[in-house]
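Asks: Please read through the structure below; I'll follow up with questions.
The values are calculated or read from the model by the stated rules, or taken from the named source; none is laboratory data. If you're wondering where the values come from, they're calculated on a predicted model, not measured in any experiment. For neighbour counting, all protein chains shown are included, and Cβ atoms are generated from backbone atoms with ideal geometry for every residue, glycine included. With ligands, DNA and RNA removed, areas are computed over all heavy atoms of the protein, side chains included. Shrake-Rupley method; radii C 1.70, N 1.55, O 1.52, S 1.80 Å.
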Amino acid sequence: MHDREIPIRALLITGTCGSGKSTVAGLLTANFGWERIAEDDIWRGTFAKNRGAFGSEEHRQKRREVHELVFAAIHQAMRYGRRIVIDATVHESPPEAFHEYRDFFER
């Protein structure tokens, strides 16, 4: 193990736009070989810019679909022993967005 390596397998980074989430995730990827999962990339790839009105049932359903894709990617990476950093803006979602991540990692 490299002496600067973080002894965890998954890290969820959240913050406002421009706060450095992607920069930190990129540094972990480039310098330590972590795999980056960017929630925004999954949103764009799945729904383009159509996320539904914030707080609406449409938005909640789409967020659940995005989380299922993120969780599947996490399972896949961990199955192969890779460390992952999840770059997500969960605080700008309804409160249950963070709870979904917390519950996922607790399981």
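Asks: Order the peptides 49-62, 9-22 from the highest to the lowest mean number of other Cβ atoms within 10 Å of their residues. Let's see the in-between values first.
Replies: On the way: 49-62: 12.2, 9-22: 15.0.
Packing order, densest peptide first, comes out as 9-22, 49-62.
Asks: Quick one: compute the contact order of the stretch 36-90, relative version, from alpha carbon pairs under 8 angstrom and 6+ residues apart, as a percent. Mind showing how you got there, number by number?
Replies: On the way: 42 pairs, mean separation 30.7, N = 55.
So the answer I get is 56 percent.
Asks: Still on this structure, I have one more. When every alpha-carbon pair in the stretch 53-96 is counted, what percent end up more than 14 Å apart? All intermediate terms of the calculation are to be shown ahead of the outcome.
Replies: Working: 529 of 946 pairs.
Counting every Cα pair in the stretch 53-96, those more than 14 Å apart make up 56 percent.
Asks: If you wrap the chain's Cα atoms in a convex hull and average its projection over all directions, what's the area in nm²? Kindly include the intermediate steps, with their values, before the conclusion.
Replies: Numbers: hull surface 28.1 nm².
Here the figure is 7.0 nm², rounded to one decimal.
Asks: If you don't mind, there's one more thing I want to ask. Of all accessible surface on the chain at a 1.4 Å probe, what whole percent is carbon and sulfur?
Replies: Working: 3490 of 6430 Å².
Percent of accessible area from carbon and sulfur atoms in the chain: 54.
Asks: Also, I was wondering about something else. At 1.4 Å probe size, with every protein chain present, just tell me what the per residue accessible area of the chain comes to in Å². The partial results should precede the final answer.
Replies: Numbers: 6430 Å² over 107 residues.
Heavy-atom SASA per residue in the chain reads 60 Å².
Asks: Of Val70, Trp34, Gly20, which is farthest on the positive side of the dipole of the chain, counting Cα position, with +1 on Lys and Arg Cβ, -1 on Asp and Glu Cβ, and the Cα centre as origin?
Replies: Trp34
Asks: Given just the C-alpha atoms of the stretch 33-82, how large is their convex hull per residue in cubic angstrom?
Replies: On the way: hull volume 3.4 nm³, N = 50.
About 68 Å³ per residue, rounded to a whole number.
Asks: Rank Gly81, Gly52, Ala97 by how far each Cα sits towards the positive end of the charge dipole of the chain (+1 on Lys, Arg Cβ; -1 on Asp, Glu Cβ) and give me just the farthest.
Replies: Gly81
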